């Protein structure tokens with residue numbers, strides 16, 4: 001955080017001549033620091049520059065954005081908010097409720113942006129009647145990544161149900177590969193759990209359980225059965241999963257040491273970086289289910305209320321840059337996700353992204369478009385945290401499914 | 001009163017006042033602020049209402065907090081006991097006028113120069129059964145050797161102890177060594193003349209005289225253990241499950257990641273009271289005896 005302050009200060013005192021061409025600057029806090037993320041962001045900042053504004057970068061990496069949020073708290077407390085900030089999950093809505101975000105209604109109406117976004121997505125960019133942020137991308141969380149060679153060697157195909165996936169485990173192990181690559185970090189376990197939860201019980205059940213936090217649903221026999229299934233998935237994982245980073249697990253699939261991984265489509269970049277090709281070297285398909293669903297994760301930028309007209313105009317330019325269809329396309333080609341706008345074609349994208357795009361269209365129609373729990377798009381953080389705790393503990397201990405469900409209900413009630 | 005006398009009187013106060021002010025604001029004012037927040041309904045941002053002890057009730061009904069408290073006691077007890085005994089043992093050995101003492105001292109003290117993040121990451125790999133110690137021993141031929149504590153929720157906390165002991169033993173050793181060197185050799189000579197054996201001299205004469213060194217080591221190590229945040233984060237990230245959760249990691253998660261600032265503040269106050277309950281009486285008795293002695 002200190003470094004950012006120093007950087008921000010040094011930029012603020014840069015000779016005016018350097019900024020002479022610019023109409024003003026737009027400062028933004030975000031947590032994109034990896035190579036592909038930085039490349040992707042540059043697409044947007046270049047667009048901003050073409051509109052005559054300078055981008056002032058205040059990246060705060062680490063802890064999935066927790067560090068950046070801390071930076072923001074400090075800035076707000078000091079009465080010096082940035083022009084814009086990247087939000088995940090409920091963060092934008094929470095800050096909107098604090099009354100520190102600008103309403104973007106004018107921009108939305110003028111450009112018809114609300115019609116370009118999936119209706120399920122609007123609940124994360126709209127606080128009451130006010131649009132408070134603009135989404136740039138959409139990741140899909142419920143993907144299964146597989147090594148094609150390992151699948152061929154074991155003679156298994158894309159599973160159609162979790163039971164089939166679990167049964168495939170024996171064949172894969174017989175062929176000398178670890179069936180499922182993952183780490184023991186609670187959030188990685190939760191990704192698997194919530195995939196089973198919705199794939200087996202369907203979108204309505206998922207909504208009741210993790211969005212409405214309905215006690216009857218949480219303590220239902222279906223919930224116990226979901227934990228039972230997670231217990232079986234545990235047997236597919238090797239013992240070296242301690243402290244394994246998700247990207248390391250992805251690397252195991254890419255190298256053929258492991259056969260599958262359940263992870264959002266940010267994992268795709270790891271395969272592509274090794275020069276592997278979708279459909280040829282690695283496979284991507286949604287987590288197995290007969291009740292198709294699409295679990296989204298979006299990154300959106302909110303604009304803070306500021307007094308001076310220059311910054312406000314800069315914020316408008318930034319919002320327009322983000323929502324520019326061409327920017328959304330180029331950005332997501334680098335980032336590995338698909339455009340947040342549903343009206344941007346993905347013809348130039350790879351097969352995984354195309355499948356994501358098609359599945360999204362179907363899910364929007366069927367009401368099977370759901371926010372991902374792990375990444376903060378289903379339950380508020382204090383409740384999502386309880387899911388993380390219980391599921392994480394269940395996976396690494398020999399806790400019974402019944403006890404897990406009880407711990408879940410108690411924990412949720414305690415956090416209410 | 002002459003100007004010089006006045007200056008003598010006021011200069012120390014003047015020099016001390018900025019740091020006193022900084023401590024008053026940065027430490028005590030924020031303790032009061034945290035206490036206040038812990039009695040409010042604060043979630044994402046501070047709120048200054050009053051809900052009584054609601055957040056404390058919520059805190060104590062959270063199973064993760066119970067794990068954290070239990071871990072803190074296990075960790076602190078073992079960490080202090082092992083570090084102090086090992087440190088003292090090494091210091092006594094080094095005090096035997098061994099050759100290359102300076103070099104050895106540096107070797108033992110070196111881990112202290114590393115940050116806990118480095119220690120944690122290195123030990124994460126060493127303790128991983130498929131990468132580290134177990135793999136090496138297995139490959140050397142002892143294939144039945146199993147050392148997978150870090151994967152087991154009920155043993156993982158001992159891995160944190162191992163890493164912390166490794167890091168801090170040299171530091172305890174250095175303080176004890178300094179204490180040993182400060183002991184008047186004539187006392188030892190006197191004991192020898194009285195016919196006391198060497199172990200006896202150490203147990204009855206030297207170790208009791210190391211009391212100030214014990215005080216420093218205990219106080220410093222206890223605060224290392226209570227603020228052990230980076231080590232846990234790097235070594236186990238509070239896992240597996242939440243088996244190695246510590247009060248400090250709990251507080252960070254509640255306050256900054258889970259929008260439960262009130263619960264986080266309540267846990268911080270619990271930590272403060274725990275430390276106070278242990279350290280204050282200890283300091284009080286140590287310092288009072290000190291005063292009586294002089």
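Values for this structure:
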item	result
Order of A:110, A:232 under a 10 Å beta carbon neighbour criterion, fewest first	A:110, A:232
Quarter of Cα convex hull surface for chain A, i.e. mean projection, nm²	20.1 nm²
18 Å reach of a label modelled at residue A:215, 7 Å along Cα-to-Cβ, counting backbone N of the stretch A:388-416	A:403-416
Whole-number D in µm² s⁻¹ for the stretch B:34-74, Kirkwood Cα-pair radius fed into Stokes-Einstein, 20 °C, 1.002 mPa s	191 µm²/s
Among B:50, B:116, B:250: highest mean-square fluctuation, GNM of chain B, C-alpha pairs under 10 Å	B:50
Exposure proxy order (Cβ contacts within 10 Å, fewest to most) of A:101, A:88	A:88, A:101
Packing rank of A:186-192, B:84-90, where each peptide gets the mean count of other beta carbons within 10 Å, highest leading	A:186-192, B:84-90
Principal semi-axes in Å for the stretch B:61-106 [√(5λ), Cα gyration tensor, largest first]	38, 9, 4
Acute angle (nearest 10 degrees) that the helix A:381-396 long axis makes with the longest principal axis of chain A, alpha-carbon atoms	30 degrees
Residue-span extension gain [residue A:343 to residue A:115] - 0.36 nm each, minus C-alpha spacing	81.2 nm
Where N is the number of residues in the stretch B:1-149, Cα Rg divided by 2.2 N^0.38 Å	1.76
Shape of the stretch B:197-294, Cα gyration tensor, a/c cut at 1.5	oblate
C-alpha long axis of helix A:186-201 to longest principal axis of chain A, angle in °	70 degrees
FRET efficiency estimate (nearest 0.05) - Cβ-Cβ, residue B:96 to residue B:186, R0 25 angstrom	0.85
Hull shadow area, averaged, the protein assembly as shown [alpha-carbon convex hull, nm²]	41.4 nm²
Cα-based helix-to-principal-axis angle, A:246-255 vs chain A, degrees rounded to 10	60 degrees
Ratio Rg/Rh [Cα only; Rh per Kirkwood] for the stretch B:77-173	1.04
Peptide B:257-266 - average C-beta neighbours from other chains (10 Å radius)	4
Packing-based order for B:136-142, B:32-38, A:402-408, A:247-253, using average beta carbon neighbours within 10 Å, highest first	A:247-253, A:402-408, B:32-38, B:136-142
For B:227-237, mean number of other protein chain Cβ atoms within 10 Å	1
For q = 0.12, 0.13 Å⁻¹, Debye-computed log10 I/I(0) when each Cα of the stretch A:290-361 counts as one equal scatterer	-0.42, -0.48
Rh by Kirkwood over Cα pairs, then Stokes-Einstein D for the stretch A:31-132 at 1.306 mPa s and 10 °C, µm²/s	104 µm²/s
Inter-centroid distance (Cα atoms) of the stretch B:32-47 relative to the stretch A:255-288, Å	45 Å
Gaussian network model of chain B, springs between alpha carbon atoms under 10 Å - residue of B:188, B:218, B:150 with greatest fluctuation	B:188
Top of A:393, A:274, A:207 by mean-square fluctuation, Gaussian network on chain A, Cα under 10 Å	A:274
Inter-centroid distance (Cα atoms) of the stretch A:81-152 relative to the stretch B:109-133, Å	40 Å
Exercise: per-residue mean of other protein chain Cβ atoms within 10 Å, A:239-247	6
Chain B, helix-only ellipticity at 222 nm - DSSP H runs n ≥ 4, -39,500 (n - 2.57), divided by all residues, nearest 500	-22000 deg cm²/dmol
Peptides B:128-135, B:16-23 ordered by average Cβ neighbours within 10 Å, highest first	B:128-135, B:16-23
Sorted by Cβ neighbour density within 10 Å, fewest at the top, the residues B:99, B:13, A:355	B:99, B:13, A:355
Cα principal axis extents for the stretch B:64-293, largest first, Å	64, 53, 26
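Every read-out reported here was derived from the displayed coordinates using simple, explicitly stated rules and does not represent laboratory data. Just so it is clear, the model here is predicted, and its values are computed rather than measured. Note that each Cβ is placed from the backbone with ideal geometry, even for glycine, and that neighbours are counted across all protein chains shown.
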